[in-house]
Amino acid sequence: MTSPIPGGVDCDLHPAVPHLTSLLPYMNDYWRDQVTTRGMTDLVSQSYPTNSPISSRPDWRPAQGKPGADLADMQKQALDRFGVRYGICNPLYGVQMVFSEDMQDAFCRALNDWLAKEWLDKDARLRGSIVIPTQSVEKSVAEIERCAKDRRFVQVLMLVMGDMPLGKRAYWPIYAAAERLGLAVGVHAGSAYHNPPTSVGWGSYHIEDYVAQATAFQTQLTSLIVEGVFARHPKLKMVMLESGFTWLPAYLWRLHKFWRGIRMETPWVDRAPLEIVRSNIRFSLQPVDAPPDTATLNRLFDHMQSDELLLFSTDYPHWQFDGDEVLPPGLSGDLVRKIMIDNPLATYGRLELAKETTP
Amino acid sequence: MNVQFRPEPSVSTSIKTAIADCDIHPARATKDELYPLLEKRWHSHLETYGIQAYHGMMEGPPYPKAQPNASRRDAWPPEGGPQGSSLSFMQKQLLDPYNVALGVLNPLATGQGLRNQDFAAALCAAINDWQIEKWTSKDKRLKGSIVVANEDGVTAAAEIRKRAGDPNFVQVLLLSRNVEPLGQRRYWPVYEAAQEIGLPVGIHAFGFGGNPLTPSGWPSFYIEEMVGHAQCQQTVLASLVLEGVFERFPKLKMVMIEAGFGWAPSLGWRLDKSFERLHSEVPYLKRKPSEYIRDHIWWTTQPMEDPERRDHLFQTIEWIGWDKLLFATDYPHWDFDEPSRVLPPGVSEANREAFYLGNAKKLYGVA
């Protein structure tokens, strides 16, 4: 087992919204009335059914309520236990599933304000991600600008399965705003379920959806790279969250090969895909989708050809590892430091900024 | 893809030993070449309504290819017709110079992926007859693939059983993109019939099933479609394993064609890890997902995985198994893999022989 070192950054924590009604105090009269009058139900996504084994480690599951809903639990089970200096909160509340852009906007605003008040205000180590109503790019940009005034927000958060491929030009104002404001853009596993979860339609099982997240990340990386997002926004950092990473080398071999063959189709892609990934894309550590033997893992790290790609994460409270085995076996001390401290600090420029201003 | 950089046709002489080419695409020379094999009513149907697939285009693909017919610029037959439509030119350009002892035909423009299932079945049956008449009966090195109306399992199974024992065919062919993931029960009659007549089922990347090409909708570019075949194939394989197809049909063998193989180890690890957590949802699976893949799946090699470092390639192949790879060129398509340039030095003679010929002969039962 590899031991964590103190002072790390946990880049993927999931504070849970207890219920849609928990957001009511953060909505205006109209939306409060809509939620109550229409009898709207809680927005739990099929991506993470509350009682699914992946949604919470058994020993992290509370006696009642949703896993991840209690700050004291998160402090004890993750922040204190792994000695982190910062923890980045990525709420996975199912606001993306909503179809009305107005409703989505209202819920996102409420969710972001809820996060600041109920979590960031209560533990100085916590940082936030801005959840945006992606069905409206205009409203997304406005929400980014509104929240970015609070320096504790370090990232914009989108789902890997949404309405359109993420490289599409329509989304570029979101990336321009993020780059301008020094925010990373995080892309997290999960679907808005506005499209079938695979390119061949709907499977039968939850496990299929979960396995398919990795392929969704692959198609999104292709879209982001070949549409030219990073030629236009060279300083933009994008972080693939709960994506897995063992698929990356072979994925890049294929993308690189086809880019060489047909780059005349996308002439603005001025660097090899591998170089773009090295400079602009990062991956959270968990889940480590590899067998637990040191030899295979070391080969995989060698195939990745960079020690700057991975960012430490517990994926709390999701069940990715047991005990304290958050780091895979056999990592060198140098790599542990990079994954836990150097790489996150280099990715999230606003982590340190927040200290300088009072929100 | 080397052809892209060397437009002059050139043929290596370094491969003297025989090889198997497990992905060759035969084409029709003329639009009405199939008519003698097709019932009259379908002639006028075709003229009137055309080919209606699960996408909007009446002609050509929704994502324009990089070259006409996605084919090598030097592959037009001298007597006319599209690339891959002339047996004599295929012999001259592919089978003879590369010493192809076994060539597996995978016809792509068939009845597969059509919305009209009766028309699909009629076209597939005609294409199967056409493979014998035009190709396999004329050159014994070539073997056909039984194409079937993929969305209608019962009709497809009947077409498969009709060809039982016919030495002209060595596999059943499906495309990867269908209306549903291929593990779904509507497709099980195909697997049952294939297992019964003892042929492997090949799943060739491509096709349209009406679903967007990504779980976030339609991408913009041809390169996204091409790279995306690897992601599509992963979800197809995950579906086959997780639906229990290999528990239900324990003798079934499948070939993943033209979708890469480098992603296989990672998919297996991810499946295994998810299965550890979620096996209660799929209790009929008796083994780890990666074990079904190891035992039931073969992989064609083109487009060959091409990492910067060859030790990465060799390690990946070791994770999959040297006994599971089947060499393919994808002739006459533009991303043709030339046999002499595919495998870097440093491979044992036994593995090299298995890769180029032995695995294919064993799987397809060809002496």
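The values are calculated or read from the model by the stated rules, or taken from the named source; none is laboratory data. Model, not experiment: these values are computed from the prediction. Glycine also receives a Cβ, built like all others from the backbone with ideal geometry; neighbour counts cover every protein chain displayed. The area values use the complete protein model at the heavy-atom level, side chains included, leaving out ligands, DNA and RNA. Shrake-Rupley method; radii C 1.70, N 1.55, O 1.52, S 1.80 Å.
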Here is a list: B:Glu276, B:Glu225. Which entry is assigned to a helix (DSSP H, G or I), free of Cβ contacts under 8 Å to residues at least 40 places away in the same chain and out of contact with any helix residue (DSSP H, G or I) (no Cβ under 6 Å at 6 or more places or on another chain)?
B:Glu276
Checking A:Leu224 against (1) under 15 Å from the mean Cα position of the chain (by Cα); (2) within 14 Å of chain B (Cβ to nearest Cβ), which single condition isn't satisfied?
(1)
Could you run through region A:251-270 and say how many residues are touching a residue at least 40 places away in the same chain (Cβ under 8 Å) and either in a helix (DSSP H, G or I) or more than 7 Å from chain B (Cβ to nearest Cβ) (or both)?
2
When the residues of region B:248-267 are filtered to those that are of a type outside the set (Ser, Thr, Tyr) and free of Cβ contacts under 8 Å to residues at least 40 places away in the same chain, which remaining residue is nearest to the other protein chains (Cβ to nearest Cβ)?
B:Trp263
Would you call A:Ser100 under 20 Å from the mean Cα position of the chain (by Cα) and of a type in the set (Ser, Thr, Tyr)?
no
Single residue of A:Arg32, A:Arg85, A:Arg38 found to be under 20 Å from the mean Cα position of the chain (by Cα), away from every other protein chain (no Cβ under 14 Å) and open to solvent by 40 Å² or more (accessible area, probe 1.4 Å)
A:Arg85
Please find, within region B:29-54, the residue that is least open to solvent (accessible area, probe 1.4 Å) out of those that are out of contact with any Pro (no Cβ under 8 Å at 6 or more places or on another chain) and under 30 Å from B:Thr301 (Cα atoms).
B:Ala53
Please go through region B:178-206 and pick out each residue that is within 12 Å of chain A (Cβ to nearest Cβ) and open to solvent by less than 20 Å² (accessible area, probe 1.4 Å).
B:Asn178, B:Pro181, B:Leu182, B:Gly183, B:Tyr187, B:Ile203, B:Ala205
Could you please let me know if B:Phe261 is at pLDDT 95 or above, part of a loop (DSSP other than H, G, I, E, B) and buried (at least 24 other Cβ atoms within 10 Å of the Cβ)?
yes
Restricting attention to region A:1-29, and to residues there that are of a type in the set (A, V, I, L, M, F, W, C), closer than 30 Å to A:Gly323 by Cα and assigned to a loop (DSSP other than H, G, I, E, B), which single residue is most open to solvent (accessible area, probe 1.4 Å)?
A:Met1
Among residues belonging to region B:268-298 that are more than 8 Å from chain A (Cβ to nearest Cβ) and of a type in the set (Val, Ile, Thr), point out the one that is least open to solvent (accessible area, probe 1.4 Å).
B:Ile297
Just to be sure, is B:Ala238 modelled with pLDDT of 95 or more and under 19 Å from B:Trp188 (Cβ atoms)?
yes
Within region A:165-194, track down each residue that is in a loop (DSSP other than H, G, I, E, B) and surrounded by 24 or more Cβ atoms within 10 Å (Cβ to Cβ).
A:Pro165, A:Leu166, A:Gly167, A:Leu183, A:Ala192
Taking region A:116-140 only, how many residues are under 18 Å from the mean Cα position of the chain (by Cα) and either free of Cβ contacts under 8 Å to residues at least 24 places away in the same chain or in a helix (DSSP H, G or I) (or both)?
3
Considering every residue within region A:180-197, establish whether at least one is closer than 30 Å to B:Glu151 by Cβ, free of Cβ contacts under 8 Å to residues at least 24 places away in the same chain and of a type outside the set (A, V, I, L, M, F, W, C).
yes
Regarding region B:127-135, can at least one residue be identified that is part of a loop (DSSP other than H, G, I, E, B) and modelled with pLDDT of 95 or more?
no
Give region B:55-79 a look and list any residue that's surrounded by fewer than 16 Cβ atoms within 10 Å (Cβ to Cβ), closer than 18 Å to B:Phe221 by Cβ and aliphatic (A, V, I, L, M), or say none.
B:Met57
Need the failing condition index for B:Gly346 against (1) free of Cβ contacts under 8 Å to residues at least 40 places away in the same chain; (2) touching an Asp or Glu at 6+ places or on another chain (Cβ under 6 Å); (3) in a loop (DSSP other than H, G, I, E, B); (4) among the small types (Gly, Ala, Ser), just the number.
(2)
Could you grab me the full set of residues in region B:87-102 that are open to solvent by less than 10 Å² (accessible area, probe 1.4 Å) and either among the hydrophobic types (A, V, I, L, M, F, W, C) or out of contact with any helix residue (DSSP H, G or I) (no Cβ under 6 Å at 6 or more places or on another chain) (or both)?
B:Met90, B:Leu94, B:Leu95, B:Val100, B:Leu102
Identify all residues within region B:318-343 that are of a type in the set (Gly, Ala, Ser) and open to solvent by 10 Å² or more (accessible area, probe 1.4 Å); write none if there are none.
B:Ser340
